[in-house]
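To start, the structure under review is shown below, and the notes come after it.
The values are calculated or read from the model by the stated rules, or taken from the named source; none is laboratory data. The structure presented is a predicted model; accordingly, all values stated were derived computationally and were not measured. Backbone-built Cβ (ideal geometry, glycine too); neighbour counts: all protein chains shown. Each accessible area value is taken on the protein alone, full model and side chains, heavy atoms only, with ligands, DNA and RNA left out. Shrake-Rupley method; radii C 1.70, N 1.55, O 1.52, S 1.80 Å.
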Amino acid sequence: MRRLLSLLAALASPFFASAAGPGTGPAFEEAPFGKLPDGSAVTRYTLVNKNGVRVSVMTYGGTVTHFEAPDKAGKFADIVLGFDDLKGYLDASPYFGCITGRVANRIANAKFKLDGKEYTVTGGNPHALHGGAKGFDKRLWKAEASMTADGPSVKMTYTSKDGEEGFPGNLATTVTYTLQSDNGLRIDYLATTDKATVVNLTNHSYFNLAGHSGGEILGHTLQLVADQYTPGDATMIPTGKIAPVAGTPFDFTKPTVIGTRLKEAGGDPVGYDLNFVHGTKNAASAKLVATVTEPKSGRVLEVLTTEPGVQFYTGNFLGKEVGKGGTAYKQYHAFCLEAQHFPDSPNRPEFPTTTLKPGEEYRQTTIYRVSAK
Ligand code: BGC
């Protein structure tokens, strides 16, 4: 059945043909995507829904490599930044599309205490970022694709060993990507541990709703369901305050063009790179937290999540990357909306907890849903 579905999909639409369109799905495809230096094979899965939307995810880093979606005229474009081949991701990817973990975002000075014991995370500079020197984004995940009632789906699993990158406990992690018929890419995360540990997983897709080669995203409009944020110091570690966005350049409670107050947002390099608080603490189901609109194409991205925070990042550090089709990705050529627990949570008992104990389940669901108007 699985082979047949793949075969039908392959016959109906050549891999990544720009002629993608309604009538090709739902289906999934599976294809090799190169080898790691140790010879392990990387596989890429492409999920296709009935509207012709196509999302590709590879087993290295559980990375979303393509997200092809129509504009208001029905014209498809790939709306995530990435590379044409595995080498691009291995050489120097700024976390394009990957799963970040075991703890996404920053841990101050790469140290935290849990049950009275201090742990040091690898790769601190001086803070740990996105799970240490070799986080979940640089791991080979096992994967299995299937057709589910909600759409084509690929389930990725990875077990992070006790002590890996300095974190305690064997952490069994499952991340399932499902492409729904409403053009929502749903990501369900599940993790369990055999020792108390800390967990904060997210997806790090860089979006440009004009298409990955569409240039600056400063003309996109953003609305966030967030009347608070976690101010940070000059090194982006939260001060511990939860402050109102009202009267600041971080107020996106009404739809606002991203570039309007970007300079006032400050930072080095200048731009947005901040965690917003939307109060969906322990929400049982994913709630709408962000809506981004690109005026020319009419594409709209909605982000729904069960997580209490979302990091809004405007690609401030981009500049050196040459991506898909030889595209030079420059500063502000993409934005990320990383649904997550707050930065430095392992050191902040006042923030929603990232501690996971044996017998408990870490679960989070985030949906990136695209439409056009
Ligand atoms: C962080 C940025 C960082 C980027 C790396 C984001 O999640 O907030 O500060 O540069 O990831 O690509």
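Just to be sure I understand, how many residues within region 260-288 are more than 16 Å from the ligand (Cβ to nearest atom), modelled with pLDDT of 95 or more and within 16 Å of F342 (Cα to Cα)? Counting residues in region 260-288 that are more than 16 Å from the ligand (Cβ to nearest atom), modelled with pLDDT of 95 or more and within 16 Å of F342 (Cα to Cα) gives 0. The set of residues in region 68-101 being within 15 Å of the ligand (Cβ to nearest atom) and in a loop (DSSP other than H, G, I, E, B) consists of L81, G82, F83, S93, P94, Y95, F96, G97, C98, G101. On inspection, T327 does not qualify as farther than 13 Å from G214 by Cβ, polar (S, T, N, Q) and away from the ligand (no atom under 16 Å from the Cβ). Against the list (1) aliphatic (A, V, I, L, M); (2) open to solvent by less than 40 Å² (accessible area, probe 1.4 Å); (3) at positive phi, the condition A243 fails is (3).
Considering only region 218-227, I want to know if a residue exists there that is open to solvent by 40 Å² or more (accessible area, probe 1.4 Å) and of a type in the set (V, I, T). Checked against the condition, which is being open to solvent by 40 Å² or more (accessible area, probe 1.4 Å) and of a type in the set (V, I, T), region 218-227 yields at least one hit.
Suppose the filter is away from the ligand (no atom under 14 Å from the Cβ) and outside any strand (DSSP E or B); does P343 pass it?
On the way: away from the ligand (no atom under 14 Å from the Cβ): no; outside any strand (DSSP E or B): yes.
No; evaluated as a whole, the condition is false for this residue.
Taking S205 as the residue in question, decide whether it is assigned to a loop (DSSP other than H, G, I, E, B), under 14 Å from Y368 (Cβ atoms) and either within 16 Å of the ligand (Cβ to nearest atom) or open to solvent by 20 Å² or more (accessible area, probe 1.4 Å) (or both). Taking the combined requirement at face value, the residue satisfies it.
Is it the case that region 240-249 has a residue that's in contact (Cβ under 8 Å) with a residue 24 or more places away in the chain and closer than 30 Å to Y177 by Cβ? Explain how you work it out, then say what you get.
So in region 240-249, the residues in contact (Cβ under 8 Å) with a residue 24 or more places away in the chain come out as 240, 242, 245.
Right, trim to closer than 30 Å to Y177 by Cβ and you get none.
Within region 240-249 (the criterion being in contact (Cβ under 8 Å) with a residue 24 or more places away in the chain and closer than 30 Å to Y177 by Cβ), the answer is no, since none of the residues qualifies.
Scanning region 290-318 for residues that are outside any loop (DSSP other than H, G, I, E, B) and more than 16 Å from the ligand (Cβ to nearest atom), which turns out nearest to F76 (Cα to Cα)?
R299
Number of residues in region 49-94 that are under 19 Å from R299 (Cβ atoms), open to solvent by 10 Å² or more (accessible area, probe 1.4 Å) and either hydroxyl-bearing (S, T, Y) or touching a Leu at 6+ places or on another chain (Cβ under 9 Å) (or both): the value is 2.
Mind checking which pairs have a first residue in region 106-123 that is on the phi > 0 side of the Ramachandran plot and within 16 Å of the ligand (Cβ to nearest atom) and a second that is open to solvent by less than 50 Å² (accessible area, probe 1.4 Å) and acidic (D, E), Cβ under 8 Å, 6 or more apart or different chains? Taking only residues 6 or more apart or on different chains, the pairs are G123/E165.
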